[in-house]
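A short worksheet on the structure shown next.
The values are calculated or read from the model by the stated rules, or taken from the named source; none is laboratory data. Given the structure is predicted, the values throughout are model-derived calculations rather than measurements. Reconstructed Cβ throughout: ideal geometry from the backbone, glycine too, with neighbour counts over all protein chains shown. Remember, those area values only see protein heavy atoms, side chains included, never the ligands or the DNA or RNA. Shrake-Rupley method; radii C 1.70, N 1.55, O 1.52, S 1.80 Å.
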Amino acid sequence: MKKFIAMAALAMLVFSCSDDDTNEVTTSVEGTWMLTSFELNQGLDINGDGEATTDMIAESECFGNSTITFNNDDTATVNFEEIDIEIEQIEGTNDYDITVECLGSTAQETIYTVSGDNTSLTFQYEDGSTETLDFTISGNTLTVVVPELSDLPISDNDDDIAYSFVGATLVFTKQ
């Protein structure tokens, strides 16, 4: 009987000390990462609803299927959705007709390196130039701050369209 009680106590101890997988930290970037946040550093109203926002996924209804897939051979495939924004002033008014079109994405192959909690993607373009984006990995998220996305249209106080360089923070979550 004493053996049974001792074994039961040991079994209770073993089963009560289970692993907690909720705090699991990603140590490898290999796999597919989905864009879950695309925040501009300046609000824009590209959907014409009268409210400027920094959330480009909600504002444009584009980008939600953008991914990065890291392979085990130091190559990556980037599928980042593109957007086309057309702004035309409505004749005789100070209003604008804004058209937003989600263009989908084209797979772009690149190489990557990992050093500690930093992952760098290096893109090589047809003209021979290169660009490197440095991501920070924290748990199951990859974050990159892009100081300058492109020359995007914004409305200024003179009821005219101005163009401004806009930066962004993008967050990818491992799938």
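Key figures for this structure:
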| read-out | value |
| --- | --- |
| Residue that is most open to solvent (accessible area, probe 1.4 Å) [pool: residues in region 66-95 that are in contact with a Gly (Cβ under 8 Å, 6 or more places away or on another chain) and of a type outside the set (Val, Ile, Thr)] | 82 |
| The one condition in (1) exposed (fewer than 10 other Cβ atoms within 10 Å of the Cβ); (2) modelled with pLDDT of 80 or more that residue 172 fails to fulfil | (1) |
| Within region 67-116, tally of residues that are of a type in the set (Val, Ile, Thr) and outside any strand (DSSP E or B) | 3 |
| Residue match in region 43-66 (condition: assigned to a strand (DSSP E or B), among the aliphatic types (A, V, I, L, M) and modelled with pLDDT of 90 or more) | no |
| Near pairs, Cβ below 6 angstrom, 6+ apart or cross-chain, from region 96-107 (of a type outside the set (A, V, I, L, M, F, W, C)) to any residue that is part of a strand (DSSP E or B) and surrounded by 12 or more Cβ atoms within 10 Å (Cβ to Cβ) | 96/87; 96/89; 105/79 |
| Residue, least open to solvent (accessible area, probe 1.4 Å), within region 13-42, restricted to residues that are at pLDDT 80 or above and β-branched (Val, Ile, Thr) | 29 |
